[in-house]
Amino acid sequence: MPRATLTISSKNYSSWSLRGWLLCRMAGLDFAERPVDTSDPRQRQELLLLSPSVLVPRLSHAGVEVWDTLAIAEYLNEAFPDAGLWPADRGMRAHARAIAGEMHSGFYNLRSALPMNLRARHQTFKVFSGARPDIERIRAIWAECLERYGGPFLFGRPTAADAMYAPVCTRFRTYSVELSPLLTGYCEAIFDWPLMQEWTGDARSEPDAIVELEVEF
């Protein structure tokens, strides 16, 4: 029996659940998934992007409870140092933590305007003007990392920074956000990542839809 449990919400809609799940899988943690009831008003609030952390993701491991995504990343980094969740180089590691922090604490307009919905595709979508600076900043972050470290992931190989930005790749695909070939290549690397393919496959098979998130924005 796994010694750990990860509480998550909808795999189709919950970007924070995806981040926490990716981090646990990258760390090599043996864990069981504990889905929460998406009809719970507190969970619907999280899914509707009003909070980056309500109850999910929440990791229970070896008597420890940790529920903030970056806190989960740091806990797993301490518990499984050989997993390499952060780059080994100190400068790269600082850079990775800085951009992960930006994703964790910012980009609220992007989250509101382009909610994660893995099953949806919008070929033409008018992006709310308030979200455009967020999109431009993310483009700049990705371009800097890919040009400096050579790709195909932000720091060469998959790190916690990619776990933080993977849901953004899905948002850009869902809403047909224009990207340069360099950034398109990064998103394709994310989509081809076996962990993302596993999560996406599960999301597509989820039986329940959440009405508020199926509307046209």
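The values are calculated or read from the model by the stated rules, or taken from the named source; none is laboratory data. What you see is a predicted model; the values in this text were computed from it and never measured. Counting neighbours? That spans all protein chains shown, and the Cβs are built from the backbone with ideal geometry, glycine included.
Considering only residues that are small (Gly, Ala, Ser), assigned to a helix (DSSP H, G or I) and either surrounded by fewer than 20 Cβ atoms within 10 Å (Cβ to Cβ) or in contact with a Cys (Cβ under 6 Å, 6 or more places away or on another chain) (or both), which ones fall in the range 97-128?
ALA98, GLY101, SER105, SER112 - these are the residues of the range 97-128 that are small (Gly, Ala, Ser), assigned to a helix (DSSP H, G or I) and either surrounded by fewer than 20 Cβ atoms within 10 Å (Cβ to Cβ) or in contact with a Cys (Cβ under 6 Å, 6 or more places away or on another chain) (or both).
For the range 172-195, give me each residue that is out of contact with any helix residue (DSSP H, G or I) (no Cβ under 6 Å at 6 or more places or on another chain), part of a helix (DSSP H, G or I) and either exposed (fewer than 14 other Cβ atoms within 10 Å of the Cβ) or of a type outside the set (Lys, Arg) (or both).
Answer for the range 172-195, where residues must be out of contact with any helix residue (DSSP H, G or I) (no Cβ under 6 Å at 6 or more places or on another chain), part of a helix (DSSP H, G or I) and either exposed (fewer than 14 other Cβ atoms within 10 Å of the Cβ) or of a type outside the set (Lys, Arg) (or both): PHE172, THR174, PRO181, THR184, GLY185, GLU188, ALA189, PHE191, ASP192, PRO194.
Identify, please: which residue in the range 196-217 is among the β-branched types (Val, Ile, Thr) and either at pLDDT below 95 or assigned to a loop (DSSP other than H, G, I, E, B) (or both) and is, among those, farthest from PRO152 (Cα to Cα)?
My answer is VAL211.
Among the numbered criteria (1) of a type in the set (Lys, Arg); (2) surrounded by 14 or more Cβ atoms within 10 Å (Cβ to Cβ); (3) touching a residue at least 24 places away in the same chain (Cβ under 8 Å), which one does ARG157 miss?
Exception for ARG157: condition (2).
Suppose the filter is among the small types (Gly, Ala, Ser), closer than 27 Å to LEU29 by Cβ, surrounded by fewer than 17 Cβ atoms within 10 Å (Cβ to Cβ) and in contact with a helix residue (DSSP H, G or I) (Cβ under 9 Å, 6 or more places away or on another chain); does ALA73 pass it?
Taking the combined requirement at face value, the residue does not satisfy it.
Would you mind telling me which numbered condition in (1) crowded, with 17+ Cβ neighbours inside 10 Å; (2) modelled with pLDDT under 95; (3) out of contact with any helix residue (DSSP H, G or I) (no Cβ under 6 Å at 6 or more places or on another chain) ALA62 fails?
Result: ALA62 fails condition (1) only.
Looking at the range 117-131, is at least one residue under 18 Å from the mean Cα position of the chain (by Cα) and closer than 20 Å to ARG25 by Cα?
Looking through the range 117-131, at least one residue is under 18 Å from the mean Cα position of the chain (by Cα) and closer than 20 Å to ARG25 by Cα.
Quick grid of which residues meet (1) surrounded by 14 or more Cβ atoms within 10 Å (Cβ to Cβ); (2) part of a helix (DSSP H, G or I); (3) not acidic (Asp, Glu):
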position	(1), (2), (3)
PRO133	no, yes, yes
GLU144	no, yes, no
GLY151	yes, no, yes
THR170	yes, yes, yes
